[in-house]
Amino acid sequence: MKLDKYIEETLKQIITGISAAKKFGDQNGAQVNPASATFNHQNSTNIYCLNTGVPVQQIDFDIVVSVSEGNSTTDSPEITVGSSTISGNAQTSEITNSSTNRIKFSIPILLPLSGTRD
């Protein structure tokens, strides 16, 4: 797979996952990548919600991604996260190219409040 296609497909899948998580968060009192987050100027490692003052959690991802291209009838290559395929058939006529990469990123999450603030 060419690098540009790999980057495109990876980012599309991350965006799709974040969008789905955002919808779920909206239904359950949480915010994914909240727009109201700001850095605390005294300690730049902490992020707080401007509206509530509640700390925003950083969810860190460090993912191993396997990309395989074989004799497939589809135009897009298969991108697999966290799984392995082992074939017991030693004789195969299918040629497969694959590579493994790591992707690291963080997503800020404003978790639901468990009670009221005084």
(request) Assess whether GLU94 counts as being of a type in the set (D, E, K, R) and at pLDDT 75 or above. (result) no
(request) Filter the stretch 7-31 down to residues that are outside any helix (DSSP H, G or I) and not small (Gly, Ala, Ser), then give me how many there are. (result) 2
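So, in the stretch 54-83, how many residues would count as being assigned to a loop (DSSP other than H, G, I, E, B) and at pLDDT 80 or above? Talk me through it step by step, then tell me what you get.
Just the residues of the stretch 54-83 that are assigned to a loop (DSSP other than H, G, I, E, B), to begin with: 54, 56, 70-77, 82-83.
Applying the additional criterion that residues be at pLDDT 80 or above yields 54, 56.
Selection size over the stretch 54-83: 2.
The values are calculated or read from the model by the stated rules, or taken from the named source; none is laboratory data. If you're wondering where the values come from, they're calculated on a predicted model, not measured in any experiment.
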